[in-house]
């Protein structure tokens, strides 16, 4: 099939790489998204050349290369600060459900046959000619997500393809999912236990970054994928409510809505970053204010908790009026610090901290409206003989 060459093929950086490797083709997501009329993000290439030959050709063209995955035939060409992964054509020699031993190949169809889904198995030359060996174009148009070849074989090669199927179904699927894929997924659920938690969170966060992952998450629950990946407890209902309310696309907020079990345990097991872990745990705490509370109560809550966390809790609690009030209210800040107390003659030491804590409690009780002059006046009153 021949299409008008996508705009990215005229990108000077891409042109430089293709000039150095004229036999190379664009592969994977860039081809899929160009055909779907979507924004193309990463641009990956494949070539029948061996990695050493690829590196030599790039060097000759004045392009720096980085050996990012030579064991699997991948290096990255760096042009104007941008990276383009280039992989030698491959065939699988052995797989264990998590990783593959590969041999280099020269056959484009053989390389495409080892990929996961038909919509990801296409390649494109620089003139816009698309090579589609397994019906990926038709599947993309119909919103059908199919494995390349036998679904059970593809899954047994890498069990991460189960959550990956759900992520791609959320983004590209339309209508009922492929029945052969579902049967193979049901038979492969046990293999999810062997996946690294980093890869699991990468797929989950990718799924939760899709504009509307609701149908895919319901499918995951029905198939037993959700309980396998989040054994601490998870259910779609909270997420569906969050999506229906128009909440922002936020993987951590959506994970908080999905969970029914111990958020801290999930965060530790999945090795979330410290920032994501703390936020997930904070979001799962109950709201301490409600829509009937006055502004002083809301200011006190905002003084003690990050506004984004409070607003997130309001999203999770389905409290739109409260959420709007919190979003419109500036966060009050207690301006007093230790040197302010010392400046009034209090020696540095434990008493400074005690005075600040008491003064902040006074400030909170009064509704967090007093500025530094008022706080200084109250401090002087407390220190007066």
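Taking segment 127-148 only, how many residues are over 24 Å from the mean Cα position of the chain (by Cα) and within 22 Å of residue 225 (Cα to Cα)? Count: 1.
Looking only at segment 10-29, filter to residues that are out of contact with any helix residue (DSSP H, G or I) (no Cβ under 7 Å at 6 or more places or on another chain) and either buried (at least 20 other Cβ atoms within 10 Å of the Cβ) or not assigned by TED's automatic domain parsing to the domain that holds residue 90 (or both); which one of those is nearest to residue 84 (Cα to Cα)? Per the stated criteria, the residue is 17. Count of segment 146-171 residues, restricted to those that are in contact with a strand residue (DSSP E or B) (Cβ under 9 Å, 6 or more places away or on another chain), within 18 Å of residue 218 (Cα to Cα) and either touching a residue at least 60 places away in the same chain (Cβ under 8 Å) or not in a helix (DSSP H, G or I) (or both), is 0. For segment 308-315, state whether one or more residues are surrounded by 15 or more Cβ atoms within 10 Å (Cβ to Cβ), without any contact (Cβ under 8 Å) to a residue 24 or more places away in the chain and closer than 22 Å to residue 225 by Cα. Looking for residues that are surrounded by 15 or more Cβ atoms within 10 Å (Cβ to Cβ), without any contact (Cβ under 8 Å) to a residue 24 or more places away in the chain and closer than 22 Å to residue 225 by Cα, one finds none in segment 308-315, hence no.
Note on segment 305-385: enclosed helices (runs of 4 or more DSSP H) holding 1 or more residues that are within 22 Å of residue 295 (Cα to Cα) are 307-316, 320-328, 350-365, 372-383.
Among the residues examined, residue 119 qualifies as under 24 Å from the mean Cα position of the chain (by Cα), buried (at least 21 other Cβ atoms within 10 Å of the Cβ) and closer than 25 Å to residue 48 by Cβ.
When 290, 238, 261 are checked against the criterion of being outside any helix (DSSP H, G or I) and closer than 23 Å to residue 166 by Cβ, a single residue qualifies: 261. Taking segment 120-145 as the range and being closer than 16 Å to residue 25 by Cα and either assigned to a helix (DSSP H, G or I) or in contact (Cβ under 8 Å) with a residue 40 or more places away in the chain (or both) as the test, the residues that pass are 120, 122, 123, 124, 125, 126, 127, 128, 129, 130, 131, 132.
For every residue, the table says whether it meets (1) more than 18 Å from the chain's Cα centre (by Cα); (2) surrounded by 16 or more Cβ atoms within 10 Å (Cβ to Cβ).
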position	(1), (2)
273	no, no
279	no, yes
288	yes, no
295	yes, no
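What are the residues in segment 267-300 that are within 17 Å of residue 329 (Cα to Cα) and either touching a helix residue (DSSP H, G or I) at 6+ places or on another chain (Cβ under 7 Å) or modelled with pLDDT under 95 (or both), if any? Result: 287, 288, 289, 290, 291, 298, 300.
Can you tell me how many residues in segment 74-95 are under 21 Å from residue 126 (Cβ atoms) and either in contact with a strand residue (DSSP E or B) (Cβ under 7 Å, 6 or more places away or on another chain) or exposed (fewer than 14 other Cβ atoms within 10 Å of the Cβ) (or both)? Selection size over segment 74-95: 13. Scanning segment 36-64 for residues that are in a helix (DSSP H, G or I) and surrounded by 14 or more Cβ atoms within 10 Å (Cβ to Cβ) gives 36, 51, 54, 55, 56, 57, 58. Only a single criterion out of (1) surrounded by 15 or more Cβ atoms within 10 Å (Cβ to Cβ); (2) not in a loop (DSSP other than H, G, I, E, B) is not satisfied by residue 67, namely (1). Filtering 211, 177 for residues that are within 30 Å of residue 108 (Cβ to Cβ), assigned to a loop (DSSP other than H, G, I, E, B) and assigned by TED's automatic domain parsing to the domain that holds residue 236 leaves a single hit, 177. Pairs meeting the criteria (first residue in segment 335-353 and buried (at least 16 other Cβ atoms within 10 Å of the Cβ), second residue assigned to a loop (DSSP other than H, G, I, E, B), beta carbons under 6 Å, at least 6 apart or on different chains) are 352/346.
The values are calculated or read from the model by the stated rules, or taken from the named source; none is laboratory data. Computed from a predicted structure; not experimentally measured. Virtual Cβ from ideal backbone geometry, glycine too; neighbours counted across all protein chains shown.
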